Amino acid sequence: MFENLSERLGGVFDRLTKQGALSEDDVRTALREVRVALLEADVSLPVARNFIKAVEKKATGAAVTKSITPGQQVVKIVHDELIAVLAGEDEDPGKLRIDNPPAPILMVGLQGGGKTTTTAKLAKRLKERDGKKVLMASLDVNRPAAMEQLEILGKQIGVDTLPIVKGEDPVAIAKRAKTQASLGGYDVYMLDTAGRLSIDEELMAQVAAVRDVAKPRETLLVVDGLTGQDAVHTAENFDNRIGISGVVLTRMDGDGRGGAALSMRAITGKPIKFVGLGEKMDALETFEPERVAGRILG
Ligand code: GDP
């Protein structure tokens, strides 16, 4: 995911650490290259600019340039700033507010972003790691295949799905899921909403109506991490219209540009909670800023 960015930064920092003595100009030149590398990774311009500004402020003082290992100190400052830009406000991103059963989790996003797959991955994780009894329901009434897909995944991971009733609208399904979750003693019920290829008013109105009846404890936006700034714009849109509590970035196993991860929190104020790292049901990880920063710096 961060291969290109990581390689570019590696080159810049190699030169810097080998150089020994550093002038403030050397640091500035290096940071200009870092900025270009960030923009090439599709980090949004204001985020890249603020990032460089913050690093420059800390890295051009005499304490750094006159130190014995100035290059390494600059790298350390970049590392810490990466964590700052990646970290959400919540201390434990993998923790969801799902006490008071049955807790509704609303899964939202565009079609093809990985919503249904992520719903099942997360259900499996809640079941296996947290010992939760989970019910999943597909609200994608326009795509019977998507409803069946969730059912198949449910069987595969041993998680119940709400029986499909033809002709029901998404709000009615959400209500039925709630009733079944209460009666069946479920801890969590997950509502996999319909996606569209692009954001449109009809999609948003439908998701908003579901949100109003379900009153979700968590609303997770699932978005393709390879789409860079588009992913961030999608998150902004969903947050403005629906209100999201966190983001799941999928396809982080791919070799695309990693900019979405770096811009997401700064632009939307919402934490990335999980990352999808493949098609398999176990390929979901908690988003850990320190580990990601480490990966970016190689
Ligand atoms: P939805 O339309 O948003 O519900 O998307 P799906 O869950 O159907 O996923 C679309 C495709 O993306 C499927 O082929 C998934 O297997 C694949 N997919 C989902 N998440 C990931 C991921 O993290 N990595 C990879 N490589 N593929 C993923």
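The values are calculated or read from the model by the stated rules, or taken from the named source; none is laboratory data. Keep in mind that this is a model prediction, so the values were computed, not measured. Here the Cβ positions follow ideal geometry from the backbone for every residue, glycine too, while neighbour counts run over all protein chains shown. Areas reflect the complete protein model, heavy atoms only, side chains present, ligands, DNA and RNA absent. Shrake-Rupley method; radii C 1.70, N 1.55, O 1.52, S 1.80 Å.
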Phi-derived 3J(HN,Hα) across region 45-57 with the Karplus relation (6.51, -1.76, 1.60, θ = phi - 60°), rounded Hz, x for Gly and Pro, is 4, x, 5, 4, 5, 5, 4, 5, 4, 5, 5, 4, 4
Filter the trypsin sites (Lys or Arg not before Pro) in region 7-90 to those in DSSP coil with at most 13 other Cβ atoms within 10 Å of their Cβ, and list the result. 66
Could you tell me the ratio Rg/Rh of region 79-234? Both radii from Cα atoms, Rh via Kirkwood. 0.97
Working note, the chain: Cα radius of gyration (Å, one decimal) and Dmax (Å, whole number) are 21.5, 72
For the chain, the longest stretch holding no GluC sites (Glu not before Pro) located in a DSSP loop with at most 16 other Cβ atoms within 10 Å is which? 169-278
Accessible area of region 131-195 divided out per residue, in Å², using a probe of 1.4 angstrom: 46
Taking amide H positions as placed 1.01 Å from N in the peptide plane, with prolines and chain starts having none, which residues 5 or more places from residue 135, or on another chain, fall under 5 Å of its amide H? 188, 189, 190
Using alpha-carbon pairs under 8 Å, 6+ residues apart, how would you state the relative contact order of the chain in percent? 26
Over 19 Å between alpha carbons, listed pairs 58/270; 95/280; 155/280: 58/270; 95/280
Candidates 138, 263, 67; GNM for the chain (alpha-carbon contacts under 10 Å) flags as most fluctuating 67
Remind me, what semi-axes does region 8-109 give for its equivalent ellipsoid, largest first in whole Å, using sqrt of 5 times each Cα gyration tensor eigenvalue? 36, 16, 11
Taking θ = phi - 60°, what integer Hz values does the Karplus form 6.51 cos²θ - 1.76 cosθ + 1.60 yield along region 73-83, in sequence order, with x for Gly and Pro? 5, 4, 4, 5, 5, 4, 4, 5, 5, 4, 4
Could you give the angle, 0 to 90 degrees to the nearest 10, between helix 24-40's Cα long axis and the longest principal axis of the Cα atoms of the chain? 30
Note: residue 202 to residue 69 extended length (0.36 nm per residue) minus current alpha-carbon separation gives 42.1 nm
With an 8 Å Cα cut-off and a minimum separation of 6 or more residues, compute the relative contact order for region 171-298 in percent. 18
Rounded to the nearest 500, what is the 222 nm mean residue ellipticity of the chain from helices alone, with -39500 (n - 2.57) per DSSP H run of 4+ residues and division by all residues? -17000 deg cm²/dmol
Fraction of accessible area attributable to carbon and sulfur, the chain (%, probe 1.4 Å): 49
In a solvent-free Debye calculation with one equal scatterer on each Cα, what is log10 I(q)/I(0) for region 171-298 at q = 0.14, 0.18 Å⁻¹, listed in the order of the q values? -0.68, -1.04
Report, to the nearest 10°, how far helix 201-214 tilts away from the longest principal axis of the Cα atoms in the chain, using its own Cα long axis and a range of 0 to 90°. 70
Size of region 51-90 along its principal axes in angstrom, Cα-based, largest extent first? 36, 16, 12
Out of residues 5 or more away from residue 218 or on other chains, whose amide H comes under 5 Å of its own, with H placed 1.01 Å from N in the peptide plane? 106
Read phi for every residue in region 4-18 and hand back ³J(HN,Hα) as whole Hz from Karplus 6.51 cos²θ - 1.76 cosθ + 1.60, θ = phi - 60°, with x for Gly and Pro. 5, 4, 4, 5, 4, 5, x, x, 4, 6, 4, 4, 5, 6, 6
